[in-house]
Amino acid sequence: MKHHFKSILALGLSITLLSASLTGCSKPQRYSGQFMDVFDTVSMTIGFEKSEEKFQKLQDAAHQSLLTNHRLFDIYDDFSGINNLKTINDNAGKQPVKVDPAIIDLLKFGKEVYTLTDGRVNIAYGAVLRLWHEKREAGIADPSHAELPDMNALKEAAKHTSIDDIVIDETNSTVFLKDPEMSLDVGGIAKGYSVEAAGQAVEKLGTDSGFLLNIGGNVKAIKKKADGSKWVVPVEDPAYKDTNSGTPYAETTYLDGMSLVTSGDYERYYVVDGKRYHHIIDPTTLMPAQYHRSVTILMKDSGLADALSTALFNMSTEDGKALIEKINNGQSNFQNTPHLSDTPIEAMWIEADGTKITTPGFTKYLKA
């Protein structure tokens, strides 16, 4: 997420039938679809349904849910008739903004995540992230003149990132940023939160067999496939992304009713003086985090998986393991919320030398 949501030209829905099917047939068939108009990424769906019409209905529900949240959570673009996060940022220090309840829910979740992760994921960090975003965009457009943000400017921006300056009025459904220099950036949580919401939209309608959402690498598997097997979801190998040689996947997971989210240093980056600078910023240094190449989270809820993959990327393996253990033991502020279930959170870290470190239960997902 992680992490800007600048709108791209909608290419519409392109449905490809991977198996012939007749409406009303008794046995679920395999269908897939693709769209590219949400969260600046390629989105794919796979479903096993008894008819193309049923699959289309489920995909439309997922797509509409994602598209709605994409617009609400956008910090770069305005949309007619919508007060979104950009609207809130534009009114920082001026006045409260009346917003959709989904924004209220996301920001409340963001505040919980901030507390849970000791500030490793901060939705109020927009002032700092904007400076990195601007330099990254300029550096990608003109690599010969790529440069880093000024450290003094980063330190000044960091003064305007207090989570307490986000004032949420649930009664009136308004949000107000007290600091006129601050801004919201929900890149660490919004895509996962939206994938979870889309999955719930599919589950509400009911799937004949199984359904898979892959929204730019944020994966949510609903039920098993029609033949009873689990969904096969690989985890990318950062080293392969560097060289396009070797094995493309570090591991292959087998999922049933689970979400998988990976944060890595190999997707969004730019190069300055021969060194690569990725988009996940460590709030303790104001620079791209240097702990790991990637962190993968496996759990039920896509929203919290997204948040934790970013948080653990911004801390040592030991601290990450301690945080997961704390949550799994019910010692977090999430213990009474729907973001957790009886299924423990599992994680895998890939280090700079290619070493893979996992929580004890992660390996059970590596077997069909």
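The values are calculated or read from the model by the stated rules, or taken from the named source; none is laboratory data. None of the values given here were measured: they were computed from a predicted structure. Here the Cβ is made from the backbone with ideal geometry for all residues, glycine too, and neighbour counts use every protein chain on show. Protein only, heavy atoms only, side chains kept; ligands, DNA and RNA dropped before computing areas. Shrake-Rupley method; radii C 1.70, N 1.55, O 1.52, S 1.80 Å.
For ARG276 and GLN290, compute 0.36 nm times the residue count separating them, minus their Cα-Cα distance, and round to one decimal in nm.
Here the answer is 3.9 nm.
With label points built 7 Å along Cα→Cβ from the Cα atoms of ILE140 and LYS356, find their separation and express it in nm.
The two pseudo-label positions are separated by 2.9 nm.
Tell me the net charge near ALA226. Cut-off is 11 Å between Cβ atoms, ALA226 excluded, with +1 for each Lys or Arg and -1 for each Asp or Glu.
So the environment of ALA226 carries a net charge of +3.
With a sphere of radius 11 Å drawn around the Cβ of ARG71, what net charge do the other residues whose Cβ falls strictly inside it have (Lys, Arg +1; Asp, Glu -1)?
Net of charged neighbours comes to -4.
What is the distance in Å between the Cα centroid of region 156-223 and that of region 278-314?
15
Report, to the nearest whole %, how much of the accessible area of region 224-368 belongs to carbon and sulfur atoms, 1.4 Å probe, protein only.
46
At 7 Å along Cα-to-Cβ for each site, give me the label-to-label distance between ASN333 and ASP164 in nm.
My value for the distance between the label points is 1.3 nm.
Which far-off residues, 5 or more places away or on another chain, put their amide H under 5 Å from the one on GLN29, with H placed in the peptide plane?
GLU49, LYS50, SER51
How big is the charge dipole of region 49-137 about its Cα centre, in debye rounded to the nearest 20, if each Lys and Arg gets +1 on its Cβ and each Asp and Glu gets -1 on its Cβ?
280
In Å², what does the accessible area per residue of the chain work out to with a 1.4 Å probe?
44
What 222 nm value per residue comes from the helices of the chain, counting each DSSP H run with n ≥ 4 as -39,500 (n - 2.57) and dividing by all residues, nearest 500 deg cm²/dmol?
It comes out at -9500 deg cm²/dmol, rounded to the nearest 500.
Give me a comma-separated list of calculated 3J(HN,Hα) values for region 133-139, in order, Karplus coefficients 6.51, -1.76, 1.60 applied at θ = phi - 60°, integers in Hz, x for any Gly or Pro.
4, 5, 5, 5, 4, 5, x
Between beta-carbons, use under 12 Å as the cut-off and find the net charge around ASP150, counting Lys and Arg +1, Asp and Glu -1.
Around ASP150, the charge tally is -1.
For THR253, list long-range residues whose amide hydrogen, built 1.01 Å from N in the peptide plane, is under 5 Å from its own amide hydrogen.
Here VAL233, VAL235 satisfy the definition.
Nothing charged except the Cβ atoms of Lys and Arg (+1) and of Asp and Glu (-1): what's the magnitude of the dipole of the chain about its Cα centre? Round to the nearest 20 debye.
Dipole size: approximately 920 debye.
Taking θ as phi - 60°, what are the ³J(HN,Hα) couplings along region 264-279 by the Karplus curve (6.51, -1.76, 1.60), each to the nearest whole Hz, with x for Gly and Pro?
After applying 6.51 cos²θ - 1.76 cosθ + 1.60, I find x, 9, 10, 9, 10, 7, 9, 10, 10, 6, x, 10, 8, 10, 8, 9 Hz.
List every residue whose amide H lies under 5 Å from the amide H of VAL272, counting only residues 5 or more places away in sequence or on a different chain, with H placed 1.01 Å from N in the peptide plane.
It is TYR277, by chain and number.
Sorted by average packing, counted as other Cβ atoms within 10 angstrom per residue and highest first, what order do 170-180, 279-289, 29-39 take?
29-39, 279-289, 170-180
How large is ³J(HN,Hα) for each residue in region 183-198, as worked out from phi by the Karplus curve 6.51 cos²θ - 1.76 cosθ + 1.60 (θ = phi - 60°), to whole Hz, x for Gly and Pro?
Along region 183-198, the couplings run 7, 8, 8, 9, x, x, 9, 5, 5, x, 4, 6, 5, 4, 5, 5 Hz.
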